[in-house]
Amino acid sequence: MEWWSVALMLMLVPWHPRNHGLWLWVLMSCLPEVHPCLLCFGPPIQRARLCRDITGASVNDPRHKKCHEALVEAAKPLASITVGSGQREELRDIIMDAMYFIEDQKDKKPLNKSLQEAVNTIWTKLSLLGKVPACIPPCGFQPAARVFQCATCRFVDCQFALDCPVQDLWTYTDETIVLHCNVPFPIPTGLPITWMFAPNLRTQDMTLFKELKGNPEKPFSLTIEEPALGTIACHLGELSKPIIRKFFYLNVSEGSVEEEKGLQAVFSTVLHWLDDKTPLPHIPTMGLALAVSSMAFVLLLVAIWQCLCVRQTSHRCGYQGSSEDSKSLDSV
């Protein structure tokens, strides 16, 4: 792109905060290899003239090209810069101070040395900024974890849904339960809390809910003395701008909690009685079964052998008796 076309675009697009996106496109077209992080802050005309002011050469001059290449190389590490949404202005001051430092050092130090010093100063100042809270799954808009990405010049939020998964709760009709609308991440103070109920349904469709009366003294909790089947929702934040919505599905049984406690007491008594008894010697069940089976098999073999032996003995005795009788008859 020729230098006159760059100047023409800079003249046709007046600098105004509303034109920031258009200015960014213009400068990325003029300087496609310069990392966008250098294009997020300050008047764009200042960045476009940076190498010209440092070298005093035109765009087609080899010195300007060398300055541009050095600026591209020095800006590569800035791609990973991410700060909290409330730290954007601090990042802007850090970047702008570095650019002013480079311009100020143009007649005092070589360009590469001043660029390296500027980058080192940027990282040193960034290390002093507060740590941004991490995104905590699985749900909710978490404003404290919102970050500004220098690579895209944009704010980025946690990629979670506002609606949390439905939690299943089991209770009885005569049991008093307490639900809580606490969240595991920081939230702004003074947010309104709305409790709602959808009878006989397990749903997250907000059009099916009716508002419940909460406790102004303890807005983050809801006490239910006679639970009914259905879904209870906790809406944190303005109705038009929610922070998070939590859902509790009540599985209500017709039995009594007192009966359940009585059964648990009886069961505990039986277990305690069994524990008090003297334990029998431990015999492995599998080993005992194998021993009994082996003994039965041996006894069966002995019985079969005895039967065969008796039959064979009887047969031999009969045969010998007839022979002797014949012999005695012959002798006679």
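The values are calculated or read from the model by the stated rules, or taken from the named source; none is laboratory data. Since we're looking at a predicted model, the values are computed, not measured. Ideal geometry is used to build each Cβ from the backbone, glycine not excepted, and the neighbour counts take in all protein chains shown. With ligands, DNA and RNA removed, areas are computed over all heavy atoms of the protein, side chains included. Shrake-Rupley method; radii C 1.70, N 1.55, O 1.52, S 1.80 Å.
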Worksheet item: Do you know which residues across the stretch 111-136 are without any contact (Cβ under 8 Å) to a residue 12 or more places away in the chain, assigned to a loop (DSSP other than H, G, I, E, B) and within 20 Å of residue 93 (Cβ to Cβ)?
Response: 128, 131
Worksheet entry | Qualifying positions in the stretch 79-110 - farther than 25 Å from residue 155 by Cβ, open to solvent by less than 40 Å² (accessible area, probe 1.4 Å) and touching a residue at least 24 places away in the same chain (Cβ under 8 Å) | 102
Worksheet item: What number of residues in the stretch 112-160 are open to solvent by 60 Å² or more (accessible area, probe 1.4 Å), in contact with a strand residue (DSSP E or B) (Cβ under 8 Å, 6 or more places away or on another chain) and among the aliphatic types (A, V, I, L, M)?
Response: 0
Worksheet, complete the sentence: If we keep only residues of the stretch 52-64 that are at pLDDT 80 or above and in a helix (DSSP H, G or I), then the residue surrounded by the most Cβ atoms within 10 Å (Cβ to Cβ) is 63
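Going through 207, 176 one at a time, which residue ends up being of a type in the set (S, T, N, Q) and either open to solvent by less than 30 Å² (accessible area, probe 1.4 Å) or farther than 14 Å from residue 232 by Cα (or both)?
Working: 207 fails: either open to solvent by less than 30 Å² (accessible area, probe 1.4 Å) or farther than 14 Å from residue 232 by Cα (or both).
The unique qualifying residue is 176.
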Response to the item:
The residue from 39, 27 that alone is modelled with pLDDT under 80 and over 28 Å from residue 142 (Cα atoms) is 27
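Restricting attention to the stretch 210-242, which residues are assigned to a strand (DSSP E or B) and either within 15 Å of residue 162 (Cβ to Cβ) or open to solvent by less than 80 Å² (accessible area, probe 1.4 Å) (or both)? So that I can check it myself, show each step before the final result.
Let us first name the residues in the stretch 210-242 that are assigned to a strand (DSSP E or B), namely 210-211, 221-224, 230-237, 242.
Residues satisfying the conditions are 221, 222, 224, 230, 231, 232, 233, 234, 235, 236, 237, 242.
Hey, any hits in the stretch 137-147 for a residue that's free of Cβ contacts under 8 Å to residues at least 12 places away in the same chain and of a type outside the set (S, T, N, Q)? Steps first, please.
As a first pass, look at the stretch 137-147 and keep what is free of Cβ contacts under 8 Å to residues at least 12 places away in the same chain: none.
Within the stretch 137-147 (the criterion being free of Cβ contacts under 8 Å to residues at least 12 places away in the same chain and of a type outside the set (S, T, N, Q)), the answer is no, since none of the residues qualifies.
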Discussion item. Based on this model, can you work out whether residue 185 counts as farther than 13 Å from residue 245 by Cβ, open to solvent by less than 70 Å² (accessible area, probe 1.4 Å) and free of Cβ contacts under 8 Å to residues at least 60 places away in the same chain?
Written reply: yes
Worksheet item: Is it fair to say residue 75 is at pLDDT 50 or above and either surrounded by 12 or more Cβ atoms within 10 Å (Cβ to Cβ) or of a type outside the set (Val, Ile, Thr) (or both)?
Response: yes
